[in-house]
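Heads up: the structure comes next, in structure tokens.
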Amino acid sequence: MEYQPCCWYFTIGYPNRWRWLGEARHESASRSTRCAPGFIDVHTHYDAQLHFEPTASPSSWHGVTTVIVGNCGFSLAPAKPADLPWLLRMLSRVEGMSEDALAAGVPFTGGSMGEFLDGLEGRVGVNVAAYAGHAALRRFVMGEEASHRTATNDEIATMCDLMRDSMEQGAIGLSTSQLELHRDHEGNPVPCNLATREELVALSAVLGDFPRGAIEIFPRTFGNFDGYDDADADLLLQMAEASAKPIHGNVLGVFPASPDGWRRNLAVAETAAARGLRIYPMLVLNPKGVHFSLDSTFIFDEYPTWRAILTSPTPSRTAHLRDPQARERLVDELADSSMGSLNLTWDQVIVVATRDAENRALEGRTIADIAQSTSAPPIDVMLDLALAEDLETMFAVRRKIAERERAVIEQLVDHPMLMAGSSDGGAHLLTFCGADYTTRLLTDWVPSRLTLEQAVAKLTFIPAMSMGLWDRGLIRPGMAGDLVVFDPERLGVGPVRMQRDFPAGASRLVFPSTGYHATLVNGEVMTRNGEATEARPGQILRGGVR
């Protein structure tokens, strides 16, 4: 096939058309190759990782050229130096990151949002935009009290001033979480969980003074599975009105405990649209089989006894896990679908990796299978094995998307008010990897529910416009040179693997990709055939600056 050496030839959005865009610096030739705008991941937690792994992998392996960090209310700035160790420990607990890796790999020692962004400038492979996290704002203003009480009017006013400063210095917006199961490393609610409606609306109103930006929120009633209740629906609408900015709501999923709860979330988005407001629930597109070890996991946090035990110091934790009465309570809670969304059955729990050689034969077997062969209760099988290995045994919950869940996703995947997601990139590193959602959208739902052009728009133009990134998300003259070159016929997600490449020897789960020839960030090749180059062309996208 002949090269087109003096132009970009593309079909995404403009089938069978080409135009002169200038002399090409990089060429790729294949009959099935496509060129699209670089993908934008609006929900990541790469705030810490970017300091020691500047390419935001594995998201960048899946076509992502821009990441939004600081989601769920959890950012590293603004922060007083004395508070940064606490923020890192909270981040480690809530978002499943290695505390040792954060301590060894993050050079940021506290400061303003501007200072945090300055520390990344010129050192990253992808573009980065950052929310100011509500937990950080509260901790900065209220200190330790932020985790224990509501704020006074004066404290709310000070938080608003700090939010305004953060926007002036480049924050893309505000993120917050009201999710009750978000608990810090001391077992306390994360600071933003204690915010009143007045505080949330006041902080939202700060964004109204800026030309672009967004709000990201984990609403309180997400954890109820019945969809947003009336109070949360009204709060979201108030925040959207006060800010005059789009709201990204986490997340829209299908839960067995309330299989129709998603309808209420969607109804809130449609009500907002009818009023000229924008609320984008995030539709989970990729099945997240979860891994866990009992020395560090969040997946049981919805269940009170599990949470109390697994957040306690190690000696107390092991003592409780050996207690027969405590085990009975643990079993009862897992069986109560009203308590949580895990809906775990023992034939889904697999022993993935054991520490001790004498247990190697158990790897790959389910807890149910081991229990049947040993005539022991499943809870005893799992806990006794974990305790024998100082809680280091790695387990996994493996299940496919249920037919009902798949049917709902099929119905909603082309809905204009739903944002594609969610990767949680940089978080829950030993639990799951969601960075494959871009590739899964392009392979699982094209062409059955979406054209390739529609799917690409959901990963590019729509998130760019929702974040106010006006120079991203399209291929046209004057736009930034963020591009992904891929072969739709070869796109795929490889098997999940454990990779030990973080500071302090920390590990993470990653999904490799196939079919991506290259990603270009601001015109420079950042990945080639799935491997990062030495280029660091990423820009810090300072969102709120007027």
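The values are calculated or read from the model by the stated rules, or taken from the named source; none is laboratory data. Values in this document were obtained by computation on a predicted structure and should not be read as measured data. Cβ coordinates were reconstructed from backbone atoms using ideal geometry, including for glycine residues, and neighbour counts include every protein chain displayed.
Within the stretch 122-132, is there a residue that is crowded, with 22+ Cβ neighbours inside 10 Å, in the same structural domain as M419 (by TED's automatic domain parsing), in contact with a Lys or Arg (Cβ under 8 Å, 6 or more places away or on another chain) and over 17 Å from L469 (Cβ atoms)?
Within the stretch 122-132, one or more residues are crowded, with 22+ Cβ neighbours inside 10 Å, in the same structural domain as M419 (by TED's automatic domain parsing), in contact with a Lys or Arg (Cβ under 8 Å, 6 or more places away or on another chain) and over 17 Å from L469 (Cβ atoms).
Would you call R472 modelled with pLDDT of 95 or more and more than 30 Å from R278 (Cβ to Cβ)?
So R472 does not fit the description; no.
Just give me the residues in the stretch 205-226 being outside any helix (DSSP H, G or I) and touching a residue at least 40 places away in the same chain (Cβ under 8 Å), in sequence order.
D209, F210, P211, R212, G213, A214, I215, E216, I217, F218, P219, F225
Hey, any hits in the stretch 424-437 for a residue that's out of contact with any Leu (no Cβ under 9 Å at 6 or more places or on another chain), assigned by TED's automatic domain parsing to the domain that holds K245 and closer than 30 Å to F210 by Cα?
Checked against the condition, which is being out of contact with any Leu (no Cβ under 9 Å at 6 or more places or on another chain), assigned by TED's automatic domain parsing to the domain that holds K245 and closer than 30 Å to F210 by Cα, the stretch 424-437 yields at least one hit.
To keep it simple, each residue is scored yes or no on (1) under 12 Å from the mean Cα position of the chain (by Cα); (2) closer than 17 Å to S341 by Cα.
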residue: A396; (1), (2): no, yes
residue: E405; (1), (2): no, yes
residue: V413; (1), (2): no, no
residue: D424; (1), (2): yes, no
residue: A427; (1), (2): yes, no
residue: C433; (1), (2): yes, no
residue: T438; (1), (2): no, no
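Go over the candidates M465, M498, M526 one by one and state the one that is assigned by TED's automatic domain parsing to the domain that holds I68 and either part of a loop (DSSP other than H, G, I, E, B) or out of contact with any helix residue (DSSP H, G or I) (no Cβ under 7 Å at 6 or more places or on another chain) (or both).
Going through M465, M498, M526 in turn, the sole match is M465.
Is at least one residue of the stretch 213-235 among the hydrophobic types (A, V, I, L, M, F, W, C), modelled with pLDDT under 95 and within 16 Å of A132 (Cβ to Cβ)?
The answer is yes, given that some residue of the stretch 213-235 is among the hydrophobic types (A, V, I, L, M, F, W, C), modelled with pLDDT under 95 and within 16 Å of A132 (Cβ to Cβ).
Working carefully through the options R93, R138, find the one that is more than 28 Å from R500 (Cβ to Cβ) and crowded, with 19+ Cβ neighbours inside 10 Å.
R138
Of the residues that sit in the stretch 345-364 and are in contact with a strand residue (DSSP E or B) (Cβ under 6 Å, 6 or more places away or on another chain) and not in a strand (DSSP E or B), which one is surrounded by the most Cβ atoms within 10 Å (Cβ to Cβ)?
Of everything passing the filter in the stretch 345-364, L362 is surrounded by the most Cβ atoms within 10 Å (Cβ to Cβ).
Identify, from the list S296, S258, S243, the residue that is among the small types (G, A, S) and either assigned by TED's automatic domain parsing to the domain that holds D390 or in contact with a Cys (Cβ under 9 Å, 6 or more places away or on another chain) (or both).
The conditions single out S296.
For the stretch 202-236, which positions are more than 23 Å from V284 (Cβ to Cβ) and surrounded by 17 or more Cβ atoms within 10 Å (Cβ to Cβ)?
Residues satisfying the conditions are A202, L203, S204, A205, V206, L207, F210, R212, G213.
Determine, yes or no, whether M417 is closer than 30 Å to A269 by Cα, at pLDDT below 95 and of a type outside the set (D, E).
yes
Do the conditions hold for V94, that is, is it modelled with pLDDT of 95 or more, under 20 Å from the mean Cα position of the chain (by Cα), assigned by TED's automatic domain parsing to the domain that holds A480 and not hydroxyl-bearing (S, T, Y)?
Taking the combined requirement at face value, the residue does not satisfy it.
List pairs: first in the stretch 310-339 and touching a residue at least 12 places away in the same chain (Cβ under 8 Å) and in a helix (DSSP H, G or I), second basic (K, R) and surrounded by 12 or more Cβ atoms within 10 Å (Cβ to Cβ), Cβ under 7 Å, 6+ apart or cross-chain?
L310/R317
Where residues in the stretch 281-309 are more than 18 Å from H182 (Cβ to Cβ) and in a loop (DSSP other than H, G, I, E, B), which of them is modelled with the highest pLDDT?
Within the stretch 281-309, the match that is modelled with the highest pLDDT is L294.
Just checking, how many residues over the stretch 45-54 are among the hydrophobic types (A, V, I, L, M, F, W, C) and either part of a loop (DSSP other than H, G, I, E, B) or under 20 Å from V484 (Cα atoms) (or both)?
Looking only at that region, the number is 2.
Select from the stretch 175-223 the residues that are touching a strand residue (DSSP E or B) at 6+ places or on another chain (Cβ under 8 Å) and under 14 Å from L137 (Cα atoms) and list them in ascending order. Working first, answer last.
Applying the first criterion (touching a strand residue (DSSP E or B) at 6+ places or on another chain (Cβ under 8 Å)) to the stretch 175-223 yields 175-180, 182-183, 189-190, 192-193, 195, 200, 203-204, 206-207, 213-219, 222.
If the condition is that a residue be touching a strand residue (DSSP E or B) at 6+ places or on another chain (Cβ under 8 Å) and under 14 Å from L137 (Cα atoms), then S175, T176, S177, V190, C192, N193, A195, L200, L203, S204, V206 are the ones that fit.
Looking at A202, A233 in this structure, which one is touching a Cys at 6+ places or on another chain (Cβ under 6 Å), in a helix (DSSP H, G or I) and under 24 Å from F74 (Cα atoms)?
Matching residue, one of A202, A233: A202.
Considering only residues that are aliphatic (A, V, I, L, M), surrounded by 17 or more Cβ atoms within 10 Å (Cβ to Cβ) and assigned to a helix (DSSP H, G or I), which ones fall in the stretch 141-173?
V141, M142, A146, I156, M159, L162, M163, M167
Given (1) more than 17 Å from S422 (Cα to Cα); (2) of a type in the set (A, V, I, L, M); (3) surrounded by 24 or more Cβ atoms within 10 Å (Cβ to Cβ), identify the lone condition not met by I40.
(1)
Quick one: is L181 in contact (Cβ under 8 Å) with a residue 40 or more places away in the chain and surrounded by 18 or more Cβ atoms within 10 Å (Cβ to Cβ)?
For L181, the condition - in contact (Cβ under 8 Å) with a residue 40 or more places away in the chain and surrounded by 18 or more Cβ atoms within 10 Å (Cβ to Cβ) - is met.
Quickly run through the stretch 174-199 and pick out the residues that are farther than 25 Å from K245 by Cα and in a strand (DSSP E or B).
R183, P189
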